[in-house]
1. For region 122-130, what does the Karplus curve 6.51 cos²θ - 1.76 cosθ + 1.60, with θ = phi - 60°, yield as ³J(HN,Hα) per residue in whole Hz, taken in order and with x for Gly and Pro?
2. Please report M41, M75, M258, M70 as a ranked list, fewest other C-beta atoms within 10 angstrom at the top and most at the bottom.
3. For the pair K217 and L348, what calculated FRET efficiency results from E = 1/(1 + (r/R0)^6), where r is the Cβ-Cβ distance and R0 = 41 Å, to the nearest 0.05?
4. Using per-residue counts of other Cβ atoms within 10 Å, averaged over each peptide, order 295-302, 235-242 from highest down.
5. Assuming R0 = 30 Å, what is the FRET efficiency of K45 and L4, from their Cβ-Cβ distance, to the nearest 0.05?
6. Express the relative contact order of region 2-439 as a whole percentage, based on alpha carbon pairs under 8 Å and six or more residues apart in sequence.
7. Once both labels are modelled 7 Å past Cα along the beta-carbon direction, what's the E405-Q131 spacing in nm?
8. If the cut-off is a Cα-Cα distance under 19 Å, which aspartates and glutamates reach K21, setting aside same-chain residues fewer than 8 apart in sequence?
Amino acid sequence: MPLLYVALAVILLLVLMIPLKMNGFIALLLTSLFVGFLVGMPLDKIWDTIGDGLGGQLGGTALIVGLGAMLGTVMADAGAAQRIATSLVEKMGIKRVQLAILIAAFVLGVTMFYEVAFVLLIPLVFVIVRQTKLNLLWVALPMSIGLSTCHSFLPPHPGPAAVVGVFKADMGLTLLYGLIIAIPVATFIALTWPRLPFIKKINPIIPDGLITNRTFKEEEMPSFASSIFVALIPVVLMAIDAISTVFLPEGNGFRHVMDFIGSSEMALLIALLISMWLLGTKIGRPLKDVMQSCSNAVKPMAMIILVIGAGGAFKQVLVDGGIADYIKDITSGWNLSPIILAWIIAALLRIALGSATVAVMTAAGVVLPIAQSSGISMELMTLAVTCGSIAFSHVTDPGFWMFKEYLNLSVGEAIKIRTTYTTALSILGLIGVIILNMFIG
């Protein structure tokens, strides 16, 4: 019966979000209430449980999402994002333009959300295509693939960061393991997909009248060194923390310091503070303008943060209602790898719900008891869920429509291109997690 309750909850979520077009936050709240009623929780306890789950989830995640959004926006508004992209393309040359745009997507994608980085980089893609007469997809696909990979595999993005919070995994180790998988997988897909025959047949033209963000003049942008330094600060600090966790004993002084400095919240805060100087007052940009960028960054993140919180509420209802224990008991005897099971659940929810953030939060609640009893590294279980959530992007995914419109594709063409590459990324990501699990105890 408890599994039936989960199935009914997912069906309700589907109905609310697809035909009724309800946003993820309200849909997840109503679904959490529905499950609470079904399992017979006392009425006066349901909202307490929802509040506990929402608050517990946002305790750290809201900081990470907020600081990451601010850092990305400060970089964008200062011209640092454009500097990184243009410098890489100029230095690597037109023959390596795909690799250059992929590296730019990785550097910016670690701290910026898919939609933000996509809108920042697409004008550069258009300029390259106009100047070189290359196929639009030849340049744009590696960019989109790189951003999709970062968005789904690497904290501090909302999905991975939220699952880290649910699973109580280590953020730095999750980032380190994610990079080990993401870099080769994304590079392979980014350099392979534009060369596939069914992709090469599609040659869209740049859409007319598309509004793009401001294009900075050469003298308006900060230096490449300053721009790349700021972008990589959180990645480097979190990676050092993860490496020290693996190789240094618990009492080691350096490891103790890095546990603080290399925490995702502190790493992002350090990067943000440095960006306020390097990309602000140092280049003549008033601190008031930098603060305005920070304020502007948080506004579009409000709904994402609420959705993540509501996902935590859903998880808590499953736990307090006893459904999590039931799932744990029945799956413990299944002859199926917990990694594969977690991936399948996340992928199915992604197909059904469209939104990767909603799918990954719903999947995290269902998979949590499986992860806890699996004996497998929680960081790898996190990646199993997050790479499952990237699969099968289609018409229910807002990112699908951004991809389609900016690249001037038909729905059929967008399905051929985006749905296939996201699925390939997801499957190869799963294989990467399985391989890493062979070496990580």
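Values in this text are rule-based calculations from the coordinates and carry no lab data. Just so it is clear, the structure is predicted and the values come from calculations on it, not from any experiment. Every residue, glycine among them, receives a Cβ derived from its backbone with ideal geometry; neighbour counts consider all protein chains shown.
1. Listing the rounded values in order: 4, x, 5, 4, 4, 5, 4, 5, 5 Hz.
2. On the way: M41 18, M75 30, M258 23, M70 26.
Placing the least packed residue first, the sequence is M41, M258, M70, M75.
3. Working: r = 48 Å, r/R0 = 1.18.
The pair L348/K217 has a calculated efficiency of 0.25.
4. Values: 295-302: 14.8, 235-242: 21.1.
Top to bottom by mean Cβ count within 10 Å: 235-242, 295-302.
5. On the way: r = 22 Å, r/R0 = 0.73.
Result of the calculation: an efficiency of 0.85.
6. On the way: 697 pairs, mean separation 104.2, N = 438.
So the answer I get is 24 percent.
7. Distance between label points: 2.8 nm.
8. D397
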